[in-house]
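Q: Please find one structure pasted underneath; my questions will follow.
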Amino acid sequence: MADFPEQPTRGAKPAGEDVSPWALAGLGMQFFAAILLFVWVGTWLDRRFDRAPLFLLSGVLLGGGGSFYLSYRQLTKPRGSPPRHNDSTPTS
């Protein structure tokens, strides 16, 4: 007889699936706020130094790219694993 893996019970979460939907919504708001802030700063710098699209485009790229990178790191971070300690003392 073939052994089948245990079927998950109704309402059970798969291993490592402990991400809240509110945390994901927070990542979207962080992405939006970062782009908005960098666009505002870029527009202000463009007016101050009379370099029309230069700082605005730089702000969009820095805000969007940086926020995307941080969101990606947050979403691909391993979950459920115990924290590693860099302690060199032996354990028995």
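Values quoted throughout were computed directly from the atomic coordinates according to the rules given, and no laboratory measurement underlies them. All of these numbers come straight from a predicted model, not from anything done at the bench. Glycine also receives a Cβ, built like all others from the backbone with ideal geometry; neighbour counts cover every protein chain displayed.
Q: Find the eigenvalues of the gyration tensor of the Cα atoms of the stretch 31-75, then list the square roots of 5 times those eigenvalues as equivalent ellipsoid semi-axes, largest first, in whole angstrom.
A: Those come to 24, 8, 5 Å.
Q: May I pose another question? For R47 paired with F32, estimate the spin-label separation in nm (one decimal), with each label point 7 Å from Cα along the Cα-to-Cβ line.
A: Output for this residue pair reads 2.4 nm.
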